[in-house]
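Just so it is clear, none of the values below were taken in a lab; they were calculated from the coordinates. These numbers come from a predicted model, not from an experiment. With ideal geometry, Cβ positions are generated from the backbone for all residues, glycine too; neighbour counts draw on all protein chains shown.
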Amino acid sequence: MKRYALLVMFCYLLIFTGCEKKEVKTVTEKIINVQVQPVKRKSLKPFINTIGTLNPNEEVTISSEVDGVLKDVMVDNGSSVSKGMLLAVIDDTDYSLEVERGKASLEQAEANLSNIKVEHQRKKDLYKKDLLSKQQYDDVSARLAIAKAEVDRGKSSLSISEQRLSKTKIYSSLPGVVKEKKVSAGNYVRNGTPLFTIIQINPVKLDFTINEKDLSKIKKGQDILLKVYAFPDVGFNGRVNIIYPNIDERTRTVKVEALVSNDEGLLKPGFFAKVMLYTGTAKNVILVPVTSLIYEEEKIKVFVVERDKAREKFIGLGQKFKFQSEGGNYESAMSEFAEAISGVEEGEQVVVVGQQNLFEGAKVNVTR
């Protein structure tokens, strides 16, 4: 009986201790892969962003000033021309003959005047000695005046003929490029017939607008930086040349014109341009990548990595910057960085990839 009692107690003890055991679970903390970039400090100029269109600095239509047949045309569409360069020649046969006739008429008038001057001097001496009547002296004086008038008329006629002859050669009035050739050799042209359109493309003119509220920030001579789609990795520099005096009542904008150097001829009239108008001197700013920003209603935050943990930081934003790198090349990402007025410090590592999965204190693994 004692053995039986001991066996029963031992069974109860096993059952009791088995009920007291708890199941142990192992929890593994999740690690989130992220990519980071450092918070930077840069000296940058404040600017205004806008868009614009490139136009020729000057555009002229060169027309014929005399009638005639085009004997030769020296340029074609796209030809580069210099100021004073010969563009075309009109057949000058008739105009040359007109000049020769004018010279002959003038020589005859001058010879006639010379003879009458001699006669007038002789009769003047006789008239002073009362050997010639007043009527005879008046007659020779009148003939002398007419002869002088004939010489003057001959000179004027010859000058007009020579001018008409000179206009048979058509020259460029400015340096540039032939935008359009409207005629060909053999065409008959009249006075006023358009022959060529010439555009000046160095410098080129950039036309753009700014908002009325930004008018106080701009002035003549300010620097601009622009990009065009044809050369996305190249920045072009220019200066404000004209600020128009009126406000567009519909758009509340002001038209501005800038001149942009085009020594290499890369910029073409008609190009659409993204423009940055610098409005002040450079200042030191704290920059965070735009890709790091998380918007929560009216608040903006970023995650920074401290050791292997993610820390949530709310920041104040200033202007989004597009700037030149130290090497002088224009940044390909036009709005890659934004100014952080508060919330982060230079050198902190902000998360730019993977931040949507983060929370305060999350464990992270920084990848490249």
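Any idea what diffusion coefficient the chain gets from Stokes-Einstein, in µm²/s, Kirkwood Rh on alpha carbon pairs, 10 °C, 1.306 mPa s? Numbers along the way, then the final one.
On the way: Rh = 29.8 Å.
Value of D from the Cα-based Kirkwood radius: 53 µm²/s.
In the range 113-232, the inverse of the mean reciprocal separation of distinct Cα atoms equals 22.4 Å; this is its Kirkwood hydrodynamic radius.
Just checking the listed ones, Ser96, Ser80, Ser141: in the Gaussian network model of the chain with Cα springs under 10 Å, the one fluctuating most is Ser141. Pairs of Cα atoms in the range 30-183 fall into 10 Å distance bins, from 0 up to the last occupied one, in shares of 9, 19, 15, 13, 11, 10, 8, 5, 4, 2, 2, 1, 1, 0 percent.
Rounded to the nearest 20 Debye, what is the dipole magnitude of the chain about its Cα centre when Lys and Arg each give +1 and Asp and Glu each give -1 at the C-beta?
Working: 55 positive and 49 negative charges, 247 e Å.
The calculation lands at about 1180 debye.
Please list the equivalent ellipsoid semi-axes of the range 182-238, computed as the square roots of five times the alpha-carbon gyration tensor eigenvalues, in descending order and whole angstrom. Intermediate values should be presented prior to the final figure.
Details: eigenvalues 313, 61, 19 Å².
Equivalent ellipsoid semi-axes, largest first: 40, 18, 10 Å.
Taking Arg41, Arg153, Arg190 in turn, the Gaussian network model of the chain (Cα-Cα springs below 10 Å) assigns the largest fluctuation to Arg153. Fully extending the segment from Thr281 to Glu345 would add 20.8 nm, taking 0.36 nm per residue of separation and subtracting the current Cα-Cα distance.
I want the local charge near Glu162. Using Cβ-Cβ distances under 14 Å, sum +1 for each Lys or Arg and -1 for each Asp or Glu among the other residues.
+1
What is the angle, in °, between the Cα long axis of helix 93-128 and the longest principal axis of the Cα atoms in the chain? Nearest 10 is fine, range 0 to 90. So the helix axis and the longest Cα principal axis differ by about 40 degrees. For the chain, adding -39500 (n - 2.57) for each run of n ≥ 4 DSSP H residues and dividing by the number of residues yields -8500 deg cm²/dmol at 222 nm. When the scattering of the range 168-272 is computed by the Debye formula from its Cα atoms alone, each counted once and equally, what is log10 I(q)/I(0) at q = 0.10, 0.14, 0.16 Å⁻¹? Cα-only, vacuum Debye calculation for the range 168-272: -0.44, -0.73, -0.84.
Secondary structure note: in the chain, about 95% of the DSSP beta bridges are antiparallel. Centre-to-centre separation between the Cα atoms of the range 180-216 and those of the range 94-139: 54 Å. With 25 Å as the limit on Cα-Cα distance, the pairs of Lys182/Lys227; Lys181/Lys274; Lys219/Lys320; Lys181/Lys268; Lys30/Lys313 that go past it are Lys182/Lys227; Lys181/Lys274.
In this Cβ point-charge picture (+1 for Lys and Arg, -1 for Asp and Glu), the range 194-307 has a dipole of about 200 debye about its Cα centre.
Taking the alpha carbon gyration tensor of the range 92-167, what are the square roots of 5 times its eigenvalues, largest first, to the nearest whole Å? Let's see the in-between values first.
Working: eigenvalues 263, 16, 9 Å².
They are 36, 9, 7 Å, listed from largest to smallest.
Loop-only check: which trypsin sites (Lys or Arg not before Pro) in the range 50-143 are DSSP coil with at most 16 other Cβ within 10 angstrom? Provide the component values of the computation, followed by the final result.
Numbers: sites: Lys71, Lys83, Arg101, Lys103, Lys117, Arg122, Lys123, Lys124, Lys128, Lys129, Lys134, Arg143; in loops: Lys83, Lys129.
Taking the range 50-143 and a limit of 16 other Cβ atoms within 10 Å, the loop trypsin sites (Lys or Arg not before Pro) found are Lys83, Lys129.
The H on the amide N of Glu58, modeled in the peptide plane, is under 5 Å from the matching H of Gln200, each at least 5 residues off or on a different chain.
Computed from Cα positions, the angle between helix 2-20 and the longest principal axis of the chain comes to roughly 10 degrees. When the chain is treated as a GNM, springs tying every alpha-carbon pair under 10 Å, which of Lys179, Lys219, Lys148 comes out with the largest mean-square fluctuation? Between Lys179, Lys219, Lys148, it is Lys148 that shows the largest mean-square fluctuation. Under the simplified labelling scheme, the Asp94-Lys217 pair shows an inter-label distance of 6.3 nm, with each label point 7 Å from Cα along Cα→Cβ.
Scanning the chain for chymotrypsin sites (Phe, Trp or Tyr not before Pro) in DSSP loops with at most 13 neighbouring Cβ atoms within 10 Å leaves 1-228 as the longest stretch between them.
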